[in-house]
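The values are calculated or read from the model by the stated rules, or taken from the named source; none is laboratory data. Remember, predicted model here, so these are calculated numbers, not experimental data. Backbone-built Cβ (ideal geometry, glycine too); neighbour counts: all protein chains shown.
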Amino acid sequence: MDENGLLLRVTDLRKSYGDVRAVDGVSFAVPRGTVFTLLGPNGAGKTTTLEILEGLREPDSGTIEVFGRSLRRVDRATKERMGVLLQEGSFEPYLKVKEVVALFASFFARPLPVKEVLERMELTEKQNALVRTLSGGQKQRLGIAVALVSDPELLFLDEPTTGLDPQARRNIWDVVRDLEGRGKTIILTTHYMEEAEVLSDDVAIMNHGGIIAQGAPRDLAARLGRETVIEFALAGARPEDLRELEALGTGLSTHGEVVFLKTAAFTATMERLLDWSKERRVALSGLVVRQPNLEDVFLSLTGRRLRE
Amino acid sequence: MRLVLSFALAQLRVTLRERETLFWFVLFPVVLFVLLVAIFGSLGREGTIHFEVGFLNRDQAAGEAGLGRRIEAILEDLAQPGADGKEPLLSLHRPAGTGDLDAFQAREEQAVRYGTHALLVVVPEGFSARVRDALSSRSTTDAVRIQVFRRAGSASSGFALSILRQVIAGVDQGVLASGGRFRAEDAVVVDTVFLGSARGAEVRYVDFLLPGLVLMAFFTAGLFGVPGALLFAREQRILRRYWVTPFSVSHFLAGFSVTHAVVCALQFTLLIVVGRFALGAEVSFASPEAALFLVLSCATFLAFGFFVASLTKTGAAGMALANAINLPMTFLSGLYYQLGPLPGPLRILLSVNPLSYLADGLRRVIGLEGATSPLWLCVLVPILWMAFSLLVAGRRLSWDVGR
């Protein structure tokens, strides 16, 4: 760790595939014991950035400082202190759960006891089950168990909850919170805005290979001001309808049939909006009033939503 | 070492738990062994086959007195097409005119050795006179001999020999008619010389087949096992789970090699046990040379598997390529049967096929001569293949998706 308490510092990282710049000058720093999230839509460059940091890919240029050492490429000694959950990665289907964890434990010099890891990930009951018989959530827990078995100081979790049901997702969130409580440094990627808000100390929003905004989730949302977002669906809206609606607040954007109307004077805008809907005889279905979130930050920066 | 062994143990568990893999790599060679012995172990007792037979009559006696000539006449008769246009039982090859008889014999021996001809029959000089002397003395102590050269382990050669014995018996009957109560079976003794057997005795098919099946099993484990496991693990992104840990490609290669060696040892043990105790094989692999060839075979096919894996991007393509390679390589190897003469292009394929050299070499060091290549070549060609395979695999093989 350097004198600033940083566990990881990435400077001007670049990686291209032919003409495509997958990672384009990415820089960030992660203090020890925090959760840092790379948030962005698919193809933003999150996974490539993480794969470089995990040692799966070599950057074209840029520097990585981790555990106080400057590296061109992640080496074996660094991997001893890291744990990785890959976005796409599976295990031998004909191995049992405990055999998988034991196999990965054997790769490290000072692993945690297999039993302890299985208990922590609530896999004890499934320890004798073959990998091929596990559900998606159980496989993801096994992936995290394997990432934890080295008792890592730095943990990479690449899209840890993608494809999981809400309950399984919240279980993974509990695990991440628990790990942070144990002083682990976690680097997370997700395209779930809520996940980033709930889990992260710091968020870097990525788009087209670069970081377009970075900071604590609350600070990022605060950049949009103290405005309120009124969100509703409007079927068959004409251009003149949208122009009239925009005049009711301080800004307007749409995504399909969904309209996002921002306002600094919520009560007045709401009254005028309801009057407008009565006059036009149109229904404002699915109306939601909320504070700005990371989704709105991304929308305001890129003009599109995270999951487009 | 700990990493390598734990990985090898995990791989072995996967192999043994995957029933299909277990069947094709371990049980199938045994099933094939039993089937081939059952079907071809008794070849020659039935069936119609055409034989190429060399005949050299060194007996100078002419006319009715010439017994060698009588045998030749019967063989000539058998070499005539049937009345219904059927192919004759045999083609007779004799020296042209009064050419060099020794050179003819040498050529014919070579033809038998290479499987081109089924038999070479040599009637020795003074044969007729010795038969008549034996008849006049009514002695059975000094039987007159005919030399027959046949190929060790060749079923068709054995069948042709049994036909020749019938011919000799026919001549004996003729001799009997003129010689009184002489025992026909003692009159002329057929001396059989086995070409291609270091032990100087007939090689039973089960003994001939066993080393071939061992190599086939090793070959299958390498050709299908390596690309299957490697490409599947790459495709399913199992490999990349390893690469984010201190476990490296060299650990993987070492562990994978240990697993492959254990699978080969398992295949070998099972085939030997079944061969020995169920099928009565007598051939022994208990020599340092045999062990060397077994290790060489195991290593060559492991490297060959990596080579095949390096040529394709997906597991399905890898299996298709392995299938496409498997048939011609095993067909043109002499693993299951002695190869006869091949047309030009196939001869070229045979000459570069590591399987045929390993089969030749292994059979030679366990006492089944049969080899047409010198022993050093039987070692060198597989080593060259191994080096070539590793070189190509080292340059082309990708260890992760999208690399």
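So here's what we get for this one:
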| quantity | calculated |
| --- | --- |
| Residue list for segment B:5-29, filter: over 30 Å from A:ALA105 (Cα atoms) and surrounded by fewer than 19 Cβ atoms within 10 Å (Cβ to Cβ) | B:PHE23, B:TRP24, B:LEU27, B:PHE28 |
| Selected residue [within 14 Å of chain A (Cβ to nearest Cβ) and surrounded by 19 or more Cβ atoms within 10 Å (Cβ to Cβ)] from B:LEU296, B:LEU230, B:LEU271 | B:LEU230 |
| Restricting segment A:3-32 to residues that are among the polar types (S, T, N, Q) and in a strand (DSSP E or B), the residue that is farthest from A:ILE205 (Cα to Cα) | A:SER16 |
| Leading residue by the ranking (farthest from the other protein chains (Cβ to nearest Cβ)) among those in segment B:233-264 that are among the aromatic types (Phe, Trp, Tyr) and within 14 Å of A:VAL84 (Cα to Cα) | B:TYR242 |
| Residues satisfying the stated conditions in segment A:130-139, i.e. within 13 Å of another protein chain (Cβ to nearest Cβ) and in contact with a helix residue (DSSP H, G or I) (Cβ under 9 Å, 6 or more places away or on another chain) | A:LEU130, A:VAL131, A:THR133, A:LYS139 |
| Filtered residue count, segment A:23-47, keeping only those that are in contact with a Lys or Arg (Cβ under 6 Å, 6 or more places away or on another chain) and surrounded by 23 or more Cβ atoms within 10 Å (Cβ to Cβ) | 3 |
| Conditions (1) farther than 22 Å from A:LEU188 by Cβ; (2) facing chain B (nearest Cβ under 8 Å): number failed by A:GLU58 | (2) |
| Members of segment B:227-241 found to be more than 15 Å from B:MET329 (Cβ to Cβ), in a helix (DSSP H, G or I) and in contact (Cβ under 8 Å) with a residue 60 or more places away in the chain, listed by number | B:GLY228, B:ALA229, B:LEU230, B:LEU231, B:PHE232, B:ARG234, B:GLU235, B:LEU239, B:ARG240 |
| Filter result (outside any helix (DSSP H, G or I) and either in contact (Cβ under 8 Å) with a residue 60 or more places away in the chain or within 20 Å of B:THR15 (Cα to Cα) (or both)) within segment B:260-301 | B:LEU279, B:GLY280, B:ALA281, B:GLU282, B:VAL283, B:SER284, B:PHE285, B:SER287 |
| Residues being assigned to a helix (DSSP H, G or I) and at pLDDT 85 or above - total across segment A:172-203 | 15 |
| Meets criteria (more than 22 Å from the chain's Cα centre (by Cα), crowded, with 18+ Cβ neighbours inside 10 Å, more than 8 Å from every other protein chain (Cβ to nearest Cβ) and at pLDDT 90 or above) for A:THR78 | yes |
| Count - residues of segment B:224-271 that are of a type in the set (Gly, Ala, Ser) and under 25 Å from the mean Cα position of the chain (by Cα) | 3 |
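Listed here are the residues, each with its yes/no results for (1) modelled with pLDDT of 80 or more; (2) within 18 Å of B:LEU390 (Cα to Cα); (3) surrounded by fewer than 23 Cβ atoms within 10 Å (Cβ to Cβ).
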residue: B:VAL203; (1), (2), (3): no, no, no
residue: B:VAL226; (1), (2), (3): yes, yes, no
residue: B:SER248; (1), (2), (3): yes, yes, yes
residue: B:SER257; (1), (2), (3): yes, yes, yes
